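Derivation of every value follows stated rules applied to the coordinates shown; laboratory data play no part. Since we're looking at a predicted model, the values are computed, not measured. Backbone-built Cβ (ideal geometry, glycine too); neighbour counts: all protein chains shown.
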Amino acid sequence: MIKHLTLAATTAATLSTTAPAQAGDGDFIGEILMFGGTFCPRGYIKADGQILPIATNQALFSLYGTNYGGDGRTTFGVPDLTRFAPEGILYCVADQGIYPSRS
């Protein structure tokens, strides 16, 4: 009985101190992940074809260009992966993190 109570207390303490979901130090800008929720974690945006301003997303624009929409002068688009996502899952694109190098 004591072992079960200790395990329950340890698990509860661990769950209550978990940091919020967000882009980590090792995530690459433009990286796409599947997320089981109704929102994308902090540092990610939904891969739903939305059009974004280049001025506030220059790094992501430099990777995607106008491949997914936008005019290339002031706006660009992110991929629309909603039709490929299983039910209850979102595809999310990292808009913060490490800029990927080619080497």
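Legend: translational diffusion of the range 20-94 by Stokes-Einstein, Rh = Kirkwood radius over C-alpha pairs, 4 °C, 1.567 mPa s; D = 103 µm²/s.
3J(HN,Hα) couplings calculated from phi for the range 80-95 with the Karplus curve 6.51 cos²θ - 1.76 cosθ + 1.60 (θ = phi - 60°) are, in sequence order, 9, 9, 4, 6, 9, 7, x, 4, x, 10, 10, 8, 10, 10, 6, 10 Hz; Gly and Pro show x.
Indicate, rounded to the nearest 5 percent, the antiparallel portion of the DSSP beta bridges found entirely in the range 20-94. Roughly 90 percent of the DSSP beta bridges within the range 20-94 come out antiparallel.
Between THR56 and ALA85, the modelled labels are 2.0 nm apart [label points 7 Å from Cα along Cα→Cβ]. Each of THR66 and ILE98 was given a label point 7 Å from its Cα along the Cα-to-Cβ line. The distance between the two points is 3.2 nm. Other residues with beta-carbon under 13 Å from the beta-carbon of THR38 carry, at +1 per Lys or Arg and -1 per Asp or Glu, a net charge of -1. Take every Cα pair under 8 Å whose residues are at least 6 apart in sequence, average their separation, divide by the length of the range 20-94, and the relative contact order is 44 percent.
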